[in-house]
Amino acid sequence: MFDTLSDRLGGVFDKLRGRGALKEQDVVDAMREVRIALLEADVALPVVRRFIDEVTEKAVGQSVLRSVTPGQQVVKIVNDALVDMLGGEETVGLDLVAAPPVVIMMVGLQGSGKTTTTAKLAKLLREKHGKKAMMASLDVNRPAAQDQLKVLGEQVGVATLPIIVGQQPVEIATRALNAAKLQAVDVLLLDTAGRLHVDQQLMDEMKAVAAISNPKETLLVVDSLTGQDAVNVAQSFGSQVDLTGVILTRMDGDARGGAALSMRAVTGKPIKFAGTGEKMDAIEPFHPGRVAGRILGMGDIVSIVEKAAATIQAEDAEKLAQRMAKGQFDMNDLRMQLRQMQNMGGLGALAGMMPGMKKAKAAMQQSGMDDRVLLRMDAIIGSMTPKERSRPELLNAKRKIRIANGSGTQVQDVNKLLKMHQEMERAMKQIKKMGGLKGLAAMFG
Ligand code: GDP
């Protein structure tokens, strides 16, 4: 996800950060590169223009250029603008506050992943929110669409409305509502007919279904791989029905990310979820702040912590959360995280989430290495003294040689680890400054 953009921006910012002082022209030059990177990522032109203007205006301010860490400040400004572009700091979750059965109407083009996503959401509602869900397929156009939903329903343990051949969408929706009421269902998901392109007959059908089912959420499913087309589709649908949100599928295959980046700015609709694979649990709430962090290579610390929370002892998690909330992150913390990474499925699962990890992984793949690197990093930390672990800034050239010898590695491996630690520490501090970890400790409670 966002790999190309992330790499490009990483290069631009490394240059900025590397300088002690910045001139206006440096910022302007950097922004030219950012602009190209965004356009290459297939972000809509007007969105790019607005973004660059806004960031440049803020970044060439004297308070930034004269500050002690101008490069870092510019990155922060870009980060904030990215978060805005993606829809603001908060995740926009599902609004399910209504008398049950709460209806979620799923709409989208054929092949966008609508049926799969309906089942993923149903699973999420059942497992994570403890809701009794039911699904009904109103797709009488695509042969076997109704059967497909039934099979998926069996897989995720969510009931589907029994199929009656020959019924029309509005009839099915009416029957689904009645069944949901009788069976005390909390959330009813209506999978409407897909369409090849936006056509009036199907739009009318969708409106008729909405009129009788009064959906609390109308979610448009679009394929992120189609880039700006996805955004255009969202605009067309949005002009016909009251969309409450967008779900972008195939984010796992979308290295460019243009649809995700332009969607909110162009359509005004929040991205609520991202589909990240074919499996039934490959769906994630869309967190603009975390996505921006991932794009800028600051790493998705909060996601890592959440993942970690699922695999580590509550006690450790709490300790880590408290330290992170204070912006503390030493070698002991890094070691704990490395060990959790091993538990969580190794590098593949986490690449891209952790600062520096993506580059490390690419380098490893090139040299034919694998998760053994995690073990090696662990060994390096193991060769440090307790004092060095809590104060890595003590590590001078001599100490590094000792540690490399002790762990059977090279000094450059020690340096790589230190760099990674520094990046993570910086990200922690940034998160702390932004107040992004508020309530993190509570999250583990
Ligand atoms: P529909 O016609 O919109 O209902 O599309 P389907 O739900 O049948 O999905 C079409 C194909 O896309 C299926 O093979 C799904 O497994 C696949 N798919 C759906 N969402 C995702 C996703 O987020 N990532 C990946 N890689 N594949 C997906």
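What FRET efficiency comes out for residue 208 versus residue 396 if R0 is 56 angstrom and r is the Cβ-Cβ distance? Round to the nearest 0.05.
0.15
Taking amide H atoms as placed 1.01 Å from N in the peptide plane, list the residues 5 or more away in sequence, or in a different chain, whose amide H sits under 5 Å from that of residue 245.
The list, which skips near neighbours in sequence, is 218, 220.
To the nearest 0.05, what FRET efficiency results for residue 387 and residue 235 with a Förster distance of 41 Å applied to their C-beta separation?
Here the calculated transfer efficiency is 0.10.
How far is it, in nm, from the label point at residue 95 to the one at residue 141 when both lie 7 Å from their Cα along the line to the Cβ?
2.8
Lysine pairs, Cα distance under 27 Å, 8 or more residues apart or cross-chain: how many in the stretch 1-124?
Taking the stretch 1-124 as the scope, the lysine pair count is 7.
Between residue 127 and residue 170, what is the FRET efficiency for a Förster distance of 30 Å, r being their Cβ-Cβ separation, to the nearest 0.05?
Result of the calculation: an efficiency of 0.45.
May I ask you to compute the full-extension gain from residue 49 to residue 19, defined as 0.36 nm times their residue separation minus their alpha-carbon distance, rounded to one decimal in nm?
8.2 nm
What whole-number distance in Å separates the alpha-carbon centres of the stretch 23-93 and the stretch 150-197?
45
Please state the charge dipole magnitude for the stretch 1-145, taken about the Cα centre, from unit charges on C-beta atoms (+1 on K and R, -1 on D and E), reported in debye and rounded to the nearest 20.
Taking the Cα centre of the stretch 1-145 as origin, the dipole is about 500 debye.
For the stretch 74-177, which trypsin sites (Lys or Arg not before Pro) are both in a DSSP coil and crowded by at most 12 other Cβ atoms within 10 Å?
Here the sparse-neighbourhood loop sites are 128.
Each residue of the stretch 153-165 in turn: what ³J(HN,Hα) in whole Hz from Karplus with 6.51, -1.76, 1.60 and θ = phi - 60°, glycine and Pro shown as x?
So the Karplus estimates, Gly and Pro as x, are x, 4, 4, 9, x, 10, 5, 10, 5, x, 7, 10, 5 Hz.
Any idea how far apart residue 110 and residue 279 come out in nm if each label point goes 7 Å out from Cα toward Cβ?
That separation, rounded to one decimal, is 3.1 nm.
What aspartates and glutamates could a cross-link reach from residue 398, if we take a straight Cα to Cα line under 14 Å and drop same-chain neighbours fewer than 8 places away?
Within the straight-line cut-off, residue 398 pairs with 388.
Assuming 0.36 nm per residue, please report the length gained on full extension of the stretch residue 322 to residue 197 beyond their Cα-Cα distance.
Extra length available between residue 322 and residue 197 comes to 39.9 nm.
None of the figures in this text is laboratory data; all of them are computed from the coordinates on show. No experiment lies behind these values; they were computed from the predicted model shown. Here Cβ is always computed from backbone atoms with ideal geometry, including for glycine, and neighbour counts include all displayed protein chains.
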